[in-house]
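Structure, as structure tokens:
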Amino acid sequence: MAPISLRDLNDVIETLPSSDSWGPTTTTETTLNGVPYAPFSKGDKLGRMADWTAEGKDREGRGGRQQYQQRYRDQIYGAGPGGLQTVFNLEQQNEESTFSLVDRSQTSTRGRGFGGRGGRATFRGVGQRGGLQNQRGGRGTFQRVGGRGGQQGYDSRGGRGGRGGRRGGWKDWDKPQRNREASVQPKDTWRMLEEIDFNRLSKLNLDTGEGEDLDDYGFLYYYDRSFDKQPGAATSVRKLTVLDRAAYNVTTSSDPVIQELADKDEASIFATDNILSMLMCAPRSVYSWDIIMLKQGGKIFIDKREGSSLDMVTVNENAADAPLEISEGNKDQINAPGALKDEATHINNVFPTQVVVESETSKHEMNNEHPFYNPGVETDPPASKAYKYRRFDLSLEADAEPLHLIVRTELDAVVKNNISGEDQMLTIKALNEFDNKAQGSGGALDWRSKLASQRGAVVATEMKNNSCKLARWTTQSILAKADLMKLGFVSRQNPKSTAEHVILGVLGYKPREFATQMNLNLNNGWAIVRTFVDMVMKEEDGKYVLVKDPNKPTIRLYHVPRDTFEEDEDGTDGGMMQSVQEDGGDE
């Protein structure tokens, strides 16, 4: 194209229409009553220059200027993806990220000077969800504020009114990260079949009924009613003594009675109340545990391994501030979880033998002799114990064949009913107090001073701190169809020593009513058992292991080799006899 000359350009300008105004020619299509206007459609987005009505919401962290900027900043006309407006918005966000708006709301400091007593001042910013580390309001972040005496405090609340922050109590940030060890370490030869979290298990439900008695073994002494005096009173305090009695803790597959019932095809599933209660109360557990499920010939034996943690009694397992391990900074070795387990297990072994009246002429004999005691071999007399074998129906309407479970339950004593004179069956357990001022006590009250006047508060605190343990005891009592459950309150003679203990009192409860108080649903427990039984039933014969994750509310089911755990056994018949007299106990 040839360049145009200046003369030709002037000729073109002269041909254009003349106008006194600058811009395009005004026509009737772009004017309304003589006033020019810009046409637009209803689909166009119109932004707001300012929203003064949201000014009052600024103090709550849900509205205000920053909320307006975040919500409406990009909703302006012509802001399309990839355009210059997007680049401008990115630049604006980068500039605003370094800008912090100061709350200009007035704070009352009357009578304390600036910042309150001792120079303590808390500065609150507007704070949005996901803010900077040095801003108030980021999720899981904290801000340093001036503390009393120059100390630095932390606040994990996010935004105004705690919005956006992590939930927890005061100084929740200061709790150490628990990394507990598993009760058993899975090996490379183990094959994981299922992984189920507690939330799924807690929603299950299965009604099995009351169950039926098949047979009973052993004998029971009568309970000593003198221990039912006013708990916590000076006259009811007695020293815990040790009596040498033979007690047995035989696992399922080693029980001769269960083996006989299995040969008669009386049921398809077999367990003991100690093992079954752990599985039924699994969603309440915190510590790691493991259960063996042995399938052979279409039958399942819910078992435990030698030295299993199921035989140990935990202490404050469910407390918000549970006892710490020595490696986690606990300076009191006797108050570590392992030492507390040993102490609580020892107390629960010797306590039931002390609260009964041993009389050969006055005792309740069961239909059969003791299944594990051999007078020709044992040197110590047997402890008061009765074993009831009961059957429950776990069948569903869709099942082609009925599915029954037989469980061996235990009873500890018997007592005469004051009205009818009939014998009532008892289970006897013991709660233990170590040191209400030590770490891990879970805010427990002083039993010596509060058990008599605030009995309900003491029991409620134990329900909170020992939810899993009490749920298991209650479940065992219901499985055994016990009429009463006796709970002893045993405390250290000296909080700094585990050598001597005292019995402060005994309280009695009906198992069903106690289960209602602690929101224990046995139908949920039966559904959990049925769930894992179905998983194993569809697999081939072999050995399976359930392992509770030590740090997460999760259970994993493994298929393991048949010889797993067998190298740890001592080659006996599997019946583990333990003497009530233990090392380090009360003399």
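For region 398-418, does any single residue satisfy the condition of being polar (S, T, N, Q), under 25 Å from Ala247 (Cα atoms) and either out of contact with any strand residue (DSSP E or B) (no Cβ under 6 Å at 6 or more places or on another chain) or not in a loop (DSSP other than H, G, I, E, B) (or both)? Looking for residues that are polar (S, T, N, Q), under 25 Å from Ala247 (Cα atoms) and either out of contact with any strand residue (DSSP E or B) (no Cβ under 6 Å at 6 or more places or on another chain) or not in a loop (DSSP other than H, G, I, E, B) (or both), one finds at least one in region 398-418, hence yes. When restricted to residues that are farther than 18 Å from Val257 by Cα and of a type in the set (Phe, Trp, Tyr), region 292-320 contains 0. How about region 241-287: which of its residues are at pLDDT below 95, in contact with an Asp or Glu (Cβ under 8 Å, 6 or more places away or on another chain) and closer than 20 Å to Pro352 by Cβ? Correct list: Thr241, Val242, Asp244, Arg245, Ala246, Asn249.
What do you reckon, is Ile269 touching a His at 6+ places or on another chain (Cβ under 9 Å) and either within 23 Å of Arg180 (Cα to Cα) or aliphatic (A, V, I, L, M) (or both)? For Ile269, the condition - touching a His at 6+ places or on another chain (Cβ under 9 Å) and either within 23 Å of Arg180 (Cα to Cα) or aliphatic (A, V, I, L, M) (or both) - is met.
Based on what the data block shows, is Ser202 closer than 19 Å to Leu276 by Cβ and touching a Leu at 6+ places or on another chain (Cβ under 7 Å)? No. In summary, Asn348 fulfils each of the numbered conditions (1) modelled with pLDDT of 95 or more; (2) touching a helix residue (DSSP H, G or I) at 6+ places or on another chain (Cβ under 8 Å) with the single exception of condition (2). If the condition is being in contact (Cβ under 8 Å) with a residue 60 or more places away in the chain and either in contact with a Cys (Cβ under 7 Å, 6 or more places away or on another chain) or farther than 23 Å from Thr251 by Cβ (or both), then region 359-382 contributes Ser359, Ser362, Lys363, His364, Glu365, Asn367, Pro381. Within region 187-203, if we keep just the residues that are more than 22 Å from Glu539 (Cα to Cα) and in a loop (DSSP other than H, G, I, E, B), the residue that is farthest from the chain's Cα centre (by Cα) turns out to be Lys203.
Of the residues in region 320-339, not one is under 24 Å from Asn465 (Cβ atoms), within 22 Å of the chain's Cα centre (by Cα), modelled with pLDDT of 90 or more and of a type in the set (Asp, Glu). The condition (being of a type in the set (Asp, Glu), without any contact (Cβ under 8 Å) to a residue 60 or more places away in the chain and over 23 Å from Phe489 (Cβ atoms)) is satisfied by just one residue among Asp303, Asp290: Asp303.
You will find that of Ile428, Ile419, the residue that is out of contact with any Ser or Thr (no Cβ under 6 Å at 6 or more places or on another chain), at pLDDT 95 or above and either over 30 Å from Phe198 (Cβ atoms) or aliphatic (A, V, I, L, M) (or both) is Ile428 and no other. Filtered by the rule that a residue be part of a loop (DSSP other than H, G, I, E, B) and surrounded by 13 or more Cβ atoms within 10 Å (Cβ to Cβ), region 381-397 gives Pro381, Ala383, Ser384, Leu394, Ser395.
Residues are listed down the side, and each one gets a yes or a no for (1) more than 23 Å from the chain's Cα centre (by Cα); (2) within 28 Å of Leu220 (Cα to Cα); (3) at pLDDT below 90:
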residue	(1), (2), (3)
Val415	yes, yes, no
Arg448	yes, no, no
Leu451	yes, no, no
Gln454	yes, no, no
Leu470	no, yes, no
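Filtering region 289-306 for residues that are closer than 22 Å to Leu487 by Cβ and either touching a Leu at 6+ places or on another chain (Cβ under 8 Å) or modelled with pLDDT of 95 or more (or both) leaves an empty set.
Yes/no per residue for (1) closer than 17 Å to Arg492 by Cβ; (2) hydrophobic (A, V, I, L, M, F, W, C); (3) buried (at least 17 other Cβ atoms within 10 Å of the Cβ):
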{"residue": "Ala336", "(1), (2), (3)": "yes, yes, yes"}
{"residue": "Ala344", "(1), (2), (3)": "yes, yes, yes"}
{"residue": "Val350", "(1), (2), (3)": "yes, yes, yes"}
{"residue": "Thr353", "(1), (2), (3)": "no, no, yes"}
{"residue": "Glu358", "(1), (2), (3)": "no, no, no"}
{"residue": "His364", "(1), (2), (3)": "no, no, yes"}
{"residue": "Glu369", "(1), (2), (3)": "no, no, no"}
{"residue": "Asn374", "(1), (2), (3)": "no, no, no"}
{"residue": "Thr379", "(1), (2), (3)": "no, no, no"}
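For region 415-440, a residue qualifies if it is surrounded by fewer than 21 Cβ atoms within 10 Å (Cβ to Cβ) and either of a type outside the set (A, V, I, L, M) or touching a Gly at 6+ places or on another chain (Cβ under 8 Å) (or both), and the qualifying residues are Lys416, Asn417, Asn418, Ser420, Gly421, Glu422, Asp423, Gln424, Asp435, Asn436, Lys437, Gln439. Taking region 445-477 as the range and being touching a strand residue (DSSP E or B) at 6+ places or on another chain (Cβ under 9 Å), of a type outside the set (Lys, Arg) and under 28 Å from Val407 (Cα atoms) as the test, the residues that pass are Glu462, Asn466, Leu470, Trp473, Thr474, Gln476, Ser477. Applying the condition of being under 26 Å from Ala480 (Cβ atoms) and touching a Phe, Trp or Tyr at 6+ places or on another chain (Cβ under 6 Å) to region 184-226 and asking which residue is surrounded by the most Cβ atoms within 10 Å (Cβ to Cβ) yields Gly218.
Condition check ((1) out of contact with any Gly (no Cβ under 8 Å at 6 or more places or on another chain); (2) in a strand (DSSP E or B); (3) in contact (Cβ under 8 Å) with a residue 40 or more places away in the chain; (4) surrounded by fewer than 20 Cβ atoms within 10 Å (Cβ to Cβ)) across all residues:
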site	(1), (2), (3), (4)
Thr498	no, no, yes, no
Ala515	yes, no, yes, no
Gly525	yes, no, yes, no
Ile528	yes, no, yes, no
Phe532	yes, no, yes, no
Met535	yes, no, yes, yes
Glu539	yes, no, yes, yes
Val547	yes, yes, yes, no
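Scanning region 356-387 for residues that are aliphatic (A, V, I, L, M) and either touching a Lys or Arg at 6+ places or on another chain (Cβ under 7 Å) or on the phi > 0 side of the Ramachandran plot (or both) turns up just one, Ala383. Only one entry of Ser288, Ser254 meets the criterion of being of a type in the set (S, T, N, Q) and either surrounded by fewer than 16 Cβ atoms within 10 Å (Cβ to Cβ) or under 23 Å from Arg200 (Cα atoms) (or both), and that entry is Ser288.
The values are calculated or read from the model by the stated rules, or taken from the named source; none is laboratory data. Source: prediction; values computed, not measured. Cβ atoms come from the backbone with ideal geometry, glycine included; neighbour counts cover every protein chain shown.
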